[in-house]
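What follows is a short report on a single structure.
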Amino acid sequence: MEDILRPIYQERASSKNTLGILSIEKREGWNYQEETFDNILLVIAKEVEKNLLVKHYAYQDKKAALYIVDEEQLKEWLLLGTNRKILNWLSDGKIVFDRNDYVHRLKNELREPSANERNLKMAIEFSKIIKSYTDGKAFFHNGHYMDAYHHISRSLYHLACLAIIEKGFQPEQTMWDQVKQLNPEIYKLYEELLTSNENIEKRLELLFLASEFLIHSHTESGVSHFLNVLRKKDYWSIDDLINHPEVKYYAIDLETLLEYLIHQNYVRIVQAETKGIHIYHRFYKIFS
């Protein structure tokens, strides 16, 4: 199979723009349920006209896919966890071309991310936890139980991702199997959400209470990255925080996160006078 596909990836390997190429071959025990191709070639390039270029090929009675991905796009996917199959391809793929050991280094970074990158990933997940939980609770109190169910489910999903990252692993496509081993409490709560015989109102009421406890227990690790940013200045405007390069990946949920941290006494409000009477600018600083 590799001999047939070699001319395709050799053409890409001859380009100075190509950093590395991996081959992922379908085999017994193939974990990627959504993948219909017998072989995948993943090409990582410095620059691509499109962030992702995809080509399909047929050979014998089989089919192959070629993915050419921009380096920056790849790093964003890995950081945000928005393209989980790419992570699996990088972990399981066979390196067929590697310029200056780029792919080897990338694989090592995936296995052992830096402390700052790990904290950033946890901050991204934690901000999503708080946003989903807050929205879900609002829907619950207004009697919109199906919407509340959706949001508490999302909150538990991101809580599971956070727990995996805390343990030094990457969330995989079979993430709930990981969580069952690494954090049975979260797994049992998710199982309760799916299988409880209680009516939906009672089920949600219990789940929100239990989730609140679990969220609280993961707050220290979840907000470490953001608190390190806050320490860099005496106080911050919301505009400065949203546009800060280290916060941009979770800025969309930042206002909800800030309100949670104020309530939990991690952040406090600083008021400053405006030109108006009895109206003040609102700034934020780390609680001390």
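Of note:
- Lys, Arg +1 and Asp, Glu -1 on Cβ, resulting dipole of the chain about Cα centre, debye, nearest 20: 500 debye
- Take every Cα pair under 8 Å whose residues are at least 6 apart in sequence, average their separation, divide by the length of the stretch 112-226, and the relative contact order is 35 percent.
- Net +/- balance of residues flanking Gly168 in space, Cβ distance below 10 Å, scoring K and R +1, D and E -1: +1
- Peptides ranked, highest mean first, by Cβ atoms within 10 Å: ranges 145-157, 268-280, 240-252: 145-157, 240-252, 268-280
- Cross-linked pairs Lys128/Lys248; Lys75/Lys233; Lys50/Lys75; Lys26/Lys63: Cα-Cα separations exceed 21 Å for Lys75/Lys233.
- With the convex hull of the Cα atoms taken as the outline of the stretch 212-257, the averaged projected area works out to 3.5 nm².
- Within-11-Å neighbourhood charge of Ser15 [Cβ basis; K, R +1; D, E -1]: +2
- Packing order of peptides 92-101, 16-25, highest average first: 16-25, 92-101 (average count of other Cβ atoms within 10 Å over each peptide's residues).
- Ordering of 61-67, 220-226, 134-140 by packing [mean C-beta count within 10 Å, highest first]: 220-226, 134-140, 61-67
- Residue-normalised accessible area of the stretch 64-188, expressed per residue, 1.4 Å probe, Å²: 46 Å²
- Over the chain, relative contact order from alpha-carbon pairs under 8 Å, at least 6 apart, %: 14 percent
- Convex hull of alpha carbon positions in the stretch 112-219: directionally averaged projected area 6.5 nm².
- Computed from backbone phi with θ = phi - 60° and the Karplus coefficients 6.51, -1.76 and 1.60, the 3J(HN,Hα) list for the stretch 204-217 is 5, 4, 5, 5, 5, 5, 5, 5, 4, 5, 5, 4, 4, 6 Hz; x is used for glycine and proline.
- Annotation: amide H-H contacts under 5 Å for Tyr266 (H modelled 1.01 Å from N, sequence separation of 5 or more, or interchain): none.
- Distance between modelled label sites at Val229 and Gln264, nm, 7 Å Cα→Cβ extension: 1.5 nm
- Carbon and sulfur %, accessible surface of the stretch 4-121 computed with the full protein complex present, 1.4 Å: 44 percent
- Coordinate range along principal axes, alpha carbons of the chain, Å, largest first: 73, 53, 29
- Dipole-positive endmost among Tyr235, Leu182, Ser211 within the stretch 162-251 (Cβ charges, Cα centre): Tyr235
- Calculated P(r) tail over 27 Å for the stretch 133-288, as whole % of Cα pairs: 36 percent
The values are calculated or read from the model by the stated rules, or taken from the named source; none is laboratory data. This structure is a prediction, so every number in the text was calculated from the model and none was measured. We place every Cβ from the backbone using ideal geometry, glycine too, and count neighbours over all the protein chains shown. Side chains are part of the model used for accessible areas, which takes the heavy atoms of the whole protein and leaves out ligands, DNA and RNA. Shrake-Rupley method; radii C 1.70, N 1.55, O 1.52, S 1.80 Å.
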